Amino acid sequence: MARSIALGALLLAASCLAHVRMTAISVNGGAFETDSVRLPPSNSPVTDVTSDDIICNVNGNIAAPGTTTVPAGATVVAQWDAGAHPGPNIIYLAPVDDVTTTTITGLTWTKISQQGIINAAEASNGWSSPLPNGQYHFTIPSTVPSGLYLLRVETIGLHVASTYPGAQFYSSCVQIEVTNGGSGSLSGVAFPGAYKGSDPGITINIYYPVPTTYTFPGGPVWQDGSTENDNDAGDL
């Protein structure tokens with residue numbers, strides 16, 4: 001009994017200490033920009049996949065003051081706070097008429113990058129998050145059309161996800177303008193709606209048995225997007 005109580009206390013402490021926010025992005029090795037990020041008011045997670053907060057986090061409808069210019073084909077680095085929980089990283093983008101829009105429901109979100117299990121042999125330490133230096137690297141596909149977008153950067157903490165609600169969703173949306181774009185035809189999903197509490201990538205025990213594959217929520221990456229590893233069931 002004492003061992004169970006101690007383990008429970010450790011898991012509770014971990015769940016409190018490792019809350020994170022995505023605070024800045026860098027384009028093609030440039031300086032990190034913060035003024036285009038719709039920064040949540042705290043690092044607390046969203047746990048209800050049916051809430052509008054699943055879109056861009058709490059206060060995600062409040063515009064940031066700036067816009068980051070991103071050439072199609074650019075390498076982008078998203079900067080997270082240190083110490084994220086184990087889980088995947090997922091990137092979406094949605095075209096908008098105005099990056100300062102306060103209406104974020106009803107958008108179509110195209111998944112352009114995801115990364116899940118990196119090394120199954122490392123068990124709960126073998127996930128995409130926590131990231132080295134808190135940085136997730138991905139590419140804006142060269143075929144993304146020029147225009148204005150909200151970029152949704154997300155990590156999902158799976159450390160207490162064996163029942164729903166349990167998975168912890170951390171996201172920030174970034175106001176970007178894609179330049180020198182291509183002629184790709186974007187397709188995607190809606191938030192809320194893309195995730196269900198019963199999804200195998202949302203309700204999952206990552207400790208026993210240790211998963212060797214992972215089915216991402218939100219469907220596959222857009223055909224011109226990218227994945228960073230090949231042993232995930234959700235990869236193309």
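Positive-end ranking of Y164, N28, I140 along the dipole of the chain, with charges on Cβ about the Cα centre, is headed by Y164. Note that the range 159-168 has calculated 3J(HN,Hα) couplings of 5, 10, 9, 6, 9, 10, x, x, 4, 10 Hz, one per residue in order, obtained from phi through the Karplus relation 6.51 cos²θ - 1.76 cosθ + 1.60 (θ = phi - 60°); glycine and proline are x. Of the beta bridges in the chain, as assigned by DSSP with both residues counted there, near 85 percent are antiparallel. Kirkwood Rh over Cα pairs of the range 22-191 into Stokes-Einstein at 10 °C, 1.306 mPa s: D in µm²/s? Answer from the Stokes-Einstein relation: 99 µm²/s.
When nucleic acids and ligands are ignored and a 1.4 Å probe is applied, E177 ends up with an accessible area of around 80 Å². Of G106, G197, G182, which has the largest mean-square fluctuation in a 10 Å C-alpha GNM of the chain? The residue with the greatest mean-square fluctuation here is G106.
Computed from point charges on the beta carbon alone (+1 for Lys and Arg, -1 for Asp and Glu), the dipole magnitude for the chain about its Cα centre is near 400 Debye. Sorted from longest to shortest, the spans of the Cα atoms of the range 60-160 along the three principal axes equal 45, 28, 23 Å.
Full extension of the chain between D224 and D48 gives 60.4 nm of extra length, using 0.36 nm per residue less the Cα-Cα distance.
The values are calculated or read from the model by the stated rules, or taken from the named source; none is laboratory data. Not measured: the values here are computed from a predicted model. Here the Cβ is made from the backbone with ideal geometry for all residues, glycine too, and neighbour counts use every protein chain on show. For accessibility, only protein heavy atoms count, side chains too; no ligands or nucleic acids. Shrake-Rupley method; radii C 1.70, N 1.55, O 1.52, S 1.80 Å.
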